[in-house]
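Only the coordinates and a few stated rules stand behind these numbers; no lab work does. Source: prediction; values computed, not measured. Every residue, glycine among them, receives a Cβ derived from its backbone with ideal geometry; neighbour counts consider all protein chains shown.
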Amino acid sequence: MTRQIIVGNWKMNGLSRDSQELVKAITSGLPANSADVVVCPPFTQLGLLTEALKPTPVKLGAQDCHQEVSGAHTGDISAPMLADLGVSYVILGHSERRQEHGELDETVREKAMAAAKAGLTPIVCIGETEDQRETGEHFDALGWQIKGSLPDGFNGILAYEPIWAIGTGLAATTDQIAETMKFLREELVRQFGEAGKVIKILYGGSVNAGNAATILPIPEVAGALVGGASLKADAFLSIVSAASAA
Ligand SMILES: O=C[C@H](O)COP(=O)(O)O
């Protein structure tokens, strides 16, 4: 059985002291035979946490990177800069970046290529809006996002996050997740052939300590991308335990 992976996306949360305390609580509370765990703090905490996480099995991820290696891009961070710091994963195309920064599939694809080239594992996010779900256009939307956001030869992680489930406390139902995962796997195989069979797919959107044990065993779910609940060590560790048992 493949080990699941739980990714904590801290979003724009965490000053130095909180961040250090949080990773200390997480690393000291990991269950035996733990699932793989990745924490993705804001850029400002990455340097400090690299050192704190070095002696632990927890890996470090970033929440974005630029598609270029270097240059005149004020305020941006490149994939080689992240790799240089000891970062292993990078979340790309999160719906909050797509919405707040107008990030397009094409840019996400370029970022995923840049990340892989720098030795990082890209975690590319896709997800449908509430409208698309209600009008039954969700599979079309997801198919287009896969086509547009994942580069040829993609061997990173895909995160399915229905936008209406993010931060709402209202996770997708097990039936919705199961049906969508099946669709995503078929689509990955259609677009990538054999390689599409092994791309890991995470579910994200209001995963918490109470629903993780129901969501994580759903076929094709390889783990979770966790927002709010990743900021509380107890809740995050419960999700990690559920993944370790799934
Ligand atoms: O990246 C994480 C997702 O946006 C999920 O956030 P949430 O767990 O707070 O719903």
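Data for the structure
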read-out	value
Mean-position separation - Cα centroids, the range 64-131 and the range 23-47, in angstrom	21 Å
FRET efficiency for residue 17 and residue 198, using Cβ-Cβ distance with R0 set to 51 Å, rounded to 0.05	0.80
Loop-located trypsin sites (Lys or Arg not before Pro) in the range 2-55 whose Cβ has at most 16 other Cβ within 10 Å (DSSP)	3
3J(HN,Hα) from dihedral phi, the range 2-10, Karplus parametrisation 6.51/-1.76/1.60, rounded to Hz, x for glycine, proline	7, 5, 6, 10, 10, 10, x, 9, 6
Total charge dipole magnitude, the range 5-150, about the Cα centre, Cβ charges on Lys, Arg, Asp, Glu only, Debye to nearest 20	660 debye
DSSP-loop GluC sites (Glu not before Pro) across the range 102-153, with at most 14 other Cβ within 10 angstrom	137
In range of the label at residue 50: residues from the range 86-118 whose backbone nitrogen is under 15 Å from the point 7 Å along Cα→Cβ	86-90, 118
Potential extension, residue 191-residue 88 segment - 0.36 nm per residue separation minus Cα distance	34.5 nm
The range 5-245: Lys pairs at Cα distance under 15 angstrom, eight or more positions apart or on different chains	7
Net charge of neighbours whose Cβ lies under 11 Å from the Cβ of residue 95, counting Lys and Arg as +1 and Asp and Glu as -1	-3
